[in-house]
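The values are calculated or read from the model by the stated rules, or taken from the named source; none is laboratory data. The model shown is predicted, which means the values in this text are computed figures rather than measured ones. Here Cβ is always computed from backbone atoms with ideal geometry, including for glycine, and neighbour counts include all displayed protein chains.
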Amino acid sequence: MPKVYEAVGTIEDGNTIVLETPLPVRGRVKVQIQAETAESDIALTNRETVLQAIHERQRERGHQPMSPEEIEAYIRESRSEDNDASGLP
């Protein structure tokens, strides 16, 4: 009877499975897939829940949101670039 190995991984593009740990096998293998639902993927059904999940992931990776002053400066710069490109004052 063949030896069975178990590993967790992610399907990237429908064809590629990236395993979290290497397996001690080479060559052709038979694969069975059991989908696991990530905790962050559960019940993302409304806007507030989706935004909370996005903000949590941003916090986890250390994202610093722009300050109100930075946002205003960005908007002014964008409008100025738009006006320059269109020839408007």
Quiz item: Across the range 33-50, what is the total count of residues that are at pLDDT 80 or above and in a loop (DSSP other than H, G, I, E, B)?
Solution: 3
Quiz item: Could you say whether any residue in the range 80-87 is modelled with pLDDT of 85 or more, surrounded by 10 or more Cβ atoms within 10 Å (Cβ to Cβ) and outside any loop (DSSP other than H, G, I, E, B)?
Solution: yes
Quiz item: Within the set of pairs 6 or more residues apart or between chains, which connect a residue that is without any contact (Cβ under 8 Å) to a residue 60 or more places away in the chain inside the range 53-71 to a residue that is assigned to a helix (DSSP H, G or I) and surrounded by 10 or more Cβ atoms within 10 Å (Cβ to Cβ) with Cβ atoms less than 8 Å apart?
Solution: A53/S40; E56/S40; R57/S40; P65/Q58; M66/Y74
Exercise. Output the residues belonging to the range 6-32 that are surrounded by fewer than 10 Cβ atoms within 10 Å (Cβ to Cβ) and outside any loop (DSSP other than H, G, I, E, B).
Key: V18
